[in-house]
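Notes follow the structure.
Every read-out reported here was derived from the displayed coordinates using simple, explicitly stated rules and does not represent laboratory data. Remember, it's a predicted structure, so these values are computed and weren't measured experimentally. Counting neighbours? That spans all protein chains shown, and the Cβs are built from the backbone with ideal geometry, glycine included.
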Amino acid sequence: MTTARTDYPFRIVIPTRWMDNDVYGHVNNVQYYSFVDTVVNRFLVDEGGLDMHSGPVIGVAVESGCRFSRSFAFPQQIEAGLRVAHLGTSSVRYEVALFIGEDATGEDEAAAEAFFVHVFVDREQRRPTPVPAPLRSALTRLMST
């Protein structure tokens with residue numbers, strides 16, 4: 001089941017690059033995971049105040065997956081949408097949809113749908129730790145219904 005752009009409250013535009021294309025003339029599947037990582041971390045830094053360089057807490061990827069419906073190719077723009085499917089004590093499951101083109105000019109059905117799970121851990125000990133309050137507040141705004 002595909003979802004619409006409006007199902008994702010946080011969205012950013014990511015340009016494809018020439019080097020993203022593979023020998024088959026479309027964006028290689030591994031690049032989709034880079035787009036997912038980009039939208040998630042952009043949100044965490046910009047909206048949640050995550051200090052990934054020196055903060056006491058970091059997010060560690062523990063699981064991910066992606067379903068591909070249509071291909072992207074350079075020089076297309078990708079709009080990446082983000083929502084939160086589950087927010088636990090120390091973990092979060094993100095859902096990301098990748099759309100062809102920008103909101104006003106692009107397709108409304110996702111070309112790819114992915115999920116990504118972070119466990120937040122203490123930077124030094126690498127042990128799970130509760131999601132910090134500013135991050136939790138930001139992530140709560142993205143909870144899907």
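Could you give the angle, 0 to 90 degrees to the nearest 10, between helix 29-46's Cα long axis and the longest principal axis of the Cα atoms of the chain?
That helix lies at roughly 50 degrees to the long axis.
Report relative contact order for the chain in percent, whole number only (criteria: Cα-Cα under 8 Å, sequence separation at least 6). Intermediate results must be reported in sequence, preceding the final value.
On the way: 298 pairs, mean separation 45.0, N = 145.
Computed value for the chain: 31 percent relative contact order.
Quickly estimate the mean residue ellipticity at 222 nm for the chain, helices only: each DSSP H run with n ≥ 4 gives -39500 (n - 2.57), and the total goes over all residues, rounded to 500. Don't skip to the end; give the middle numbers.
On the way: 2 runs with 26 residues, N = 145.
Calculated mean residue ellipticity at 222 nm is -5500 deg cm²/dmol.
Mind listing which trypsin sites (Lys or Arg not before Pro) in region 107-145 are in a DSSP loop and have 15 or fewer other Cβ atoms within 10 Å?
Values: sites: R123, R126, R136, R141; in loops: R123, R126, R141.
Those satisfying the criteria are R123, R126, R141.
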